[in-house]
């Protein structure tokens, strides 16, 4: 009798109130069921049993500070499996992972109490060895085992039985997200209790209100764009036609769409108009804009803020990426941006492709927490050609399932639309919806043929050009952008031009320079260009300026490369159509050494040579049909290599840990290095001081990113390691280092110490 009367608590007391386990379970179950409106019963199950093992005596001792290293989650998973069998599997995986991350669905036998008692994988003790004891205490406390509603079927089990592996895994992650967010918010409400003991639940983010937002966009176009545009009237008409096409297409049902339009045609605003009208038509609740580069995010988010303004405590437009730093915002003392970014509770989200895509394949609670809020969203993926070919099939499968199962619309936007339709059957193997996209822009608009802003010159008979000859051609033009594939070539060309003519009006851009440095240089370049055509402005760069960077040169030279890279480079030439015709010249550097940064890049460039040999000078970078042919060949090569990829093997075993490790848009064989950029040298010294005194932290990371570059890990094994000071967290490695020699950072070229160059990312 005494056993039944004992109270068990979920958390330590706040304002004199210790929360009983049953209260926390009920709160979490309610929130998880609400979050998981796509699978409400499983959400309720996960919430009700996620902390069942807090009824264990050892957890009770932990709250009193008398015990540590206690596992309070595994037996909740085990109880779910025993009571609900297949119907409880997804919920059990979510419960198992809500502290340690999603594990492998094929290894649930590892949750057996006998196994955990004798050989716990994390060397933890169970809060209670006998799950029956936990059940009895739970029932005595007013808990119950919910009855499965008639006709209820687990999406995960259904997908797994059909071998739709990627879709099935995403179903688990969505449920996991619903639980993790519910648990965080319920726990937050307890620890934020008011003095009278009442829970303090955070308020929800603002609603989208698309009708009002459409009015704001139209006002912005009228007052800020159309009245002040300096673009050629033909270009202005093209942009307006694109906007109208997007508004018309937005009336269609939820689905998968492509937006294929030339560079400089105003896709940023046009996409937004589509999303808002589409959300209004289909009762959608959120817009998620996905961009490949931080520079694009900063640029686009500012445009959105100019349109919608700042929205008080709860923002209308939320940035979520590696460099957002809400802790530094004096207008946000309660870290509202941070709170909202944790679960994407805002009307418009601007994020990176890395953050969104890797979250769709993640296993960590922090990465997955936001996923359930993607439901009923319009997802705009801009510059989609940047998606790595080897990840195209799994990514498209995940997007397809978001549309089929979670009422999302997906829009893939670019001037160089990949031929993803050719991957339909491959995608269908992993997600039942396959890939069947509708183009937003009707062909009769003829956007690509309407304006000929650029004349393209190809190398005659594929002859090569030395860097010295290239420098001479550059120097006869006052304003010119030259893009090379490799950083060492861009440095060499810069030095050759400098030796011939000095560095007045000469600029260099590459990832040898930290983001803050590149931003400063780009501002200076834009100011030079605004001065007029007589102002000297010669830029030597790598491909980091291609996608989305708003530069407009009369002449652009570009080293031979993938077709989409050439087209993007051409988009930096005569962008606004103010000249009768800009000049875009493709050149081939000497072939005595490697010309490309990797095998995929080289393969794509080789496909362009095949197209050139077939078409000659008639090869048109504005022709969508050319791109369809190019991508069909390119992705067929990727398809051949797919089955050899370990990633696909781990989909089949539902191994969430291994999938998360292998699905990477950016390779993780690098280290991050804080560099002594001269214009921010005081900030560099302050960050170094903080790293030494306080170690690694989230706030330090965000402040450090604008002053960082990436090096291959091999640098640590060479003499460069003498210049690198590790940034540690509790004596463990973080992957971050501080570069110590200020003399090695050049105000024009970035990090140039000779021994470093072999390890800088190309």
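Here is how the numbers come out for the structure above:
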quantity: Centroid-to-centroid separation of segment 664-723 and segment 21-100 [C-alpha atoms, Å]; calculated: 39
quantity: Residue exposure sequence - 73, 78 - by fewest surrounding Cβ within 10 Å; calculated: 73, 78
quantity: Simple spin-label estimate for residue 594 and residue 576 in nanometres, 7 Å along Cα-Cβ; calculated: 4.1
quantity: Where a label projected 7 Å from the Cα of residue 37 along Cα→Cβ would reach, residues of segment 355-380 with amide N under 14 Å; calculated: 372-378
quantity: Share, in percent, of DSSP beta bridges within the chain that are antiparallel, nearest 5; calculated: 25
quantity: Cα-projected label distance for residue 501 with residue 533, points at 7 Å along beta-carbon direction, nm; calculated: 1.7
quantity: Helix axis angle, 74-84 relative to the chain longest principal axis, alpha carbon, degrees; calculated: 80
quantity: FRET efficiency estimate (nearest 0.05) - Cβ-Cβ, residue 693 to residue 123, R0 25 angstrom; calculated: 0.20
quantity: When the convex hull of its Cα atoms is projected in every direction, mean area for segment 210-448 (nm²); calculated: 13.1
quantity: 147, 465 arranged by Cβ crowding within 10 Å, fewest neighbours leading; calculated: 147, 465
quantity: Over segment 2-191 - Rg/Rh using Cα atoms and the Kirkwood inverse-distance radius; calculated: 0.96
quantity: Principal-axis tilt of helix 89-100 within the chain, Cα atoms, nearest 10 degrees; calculated: 80
quantity: Segment 439-504 versus segment 525-595: alpha-carbon centroid distance in Å; calculated: 5
quantity: Stretchable slack from residue 682 to residue 161, in nm (0.36 nm times residue separation minus alpha-carbon distance); calculated: 181.7 nm
quantity: Simple spin-label estimate for residue 244 and residue 741 in nanometres, 7 Å along Cα-Cβ; calculated: 6.2
quantity: Fewest-first ranking of 551, 462, using other Cβ atoms within 10 Å as the exposure measure; calculated: 462, 551
quantity: All-pairs alpha carbon distance profile, segment 670-759, 5 Å steps from 0, percent; calculated: 3, 14, 28, 26, 18, 9, 1, 0
quantity: Relative contact order [Cα under 8 Å, 6+ residues apart], the chain, whole percent; calculated: 12
quantity: Cα-based helix-to-principal-axis angle, 165-191 vs the chain, degrees rounded to 10; calculated: 70
quantity: Sites residue 66 and residue 145 - FRET efficiency at Förster radius 35 Å, r taken between beta-carbons, to 0.05; calculated: 0.65
quantity: Mean Cβ count within 10 Å, highest first, over the residues of peptides 649-657, 242-250, 365-373; calculated: 365-373, 242-250, 649-657
quantity: Relative contact order [Cα under 8 Å, 6+ residues apart], segment 453-621, whole percent; calculated: 32
quantity: Efficiency of FRET from Cβ geometry, residue 664 and residue 519, R₀ 22 Å, rounded to 0.05; calculated: 0.30
quantity: Linear extension gain, residue 748 paired with residue 198, 0.36 nm per residue minus alpha-carbon span; calculated: 192.1 nm
quantity: Cα-based equivalent ellipsoid of segment 77-122: semi-axis lengths in Å, sorted from largest, via gyration tensor; calculated: 17, 13, 8
quantity: Rg(Cα) / (2.2 N^0.38 Å) computed for the chain, rounded to two decimals; calculated: 1.02
quantity: Contour excess over end-to-end distance, with Cα ends at residue 455 and residue 615 and 0.36 nm allotted per residue; calculated: 56.0 nm
quantity: Relative contact order, percent, segment 670-759 [alpha-carbon distance under 8 Å, six or more residues apart]; calculated: 39
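Readers should treat all values here as calculations from the given coordinates under stated rules, not as data from a laboratory. Note that the structure is predicted; figures quoted are calculated from it, not measured. Note: ideal-geometry Cβ built from the backbone for every residue, glycine included; neighbour counts use all protein chains shown.
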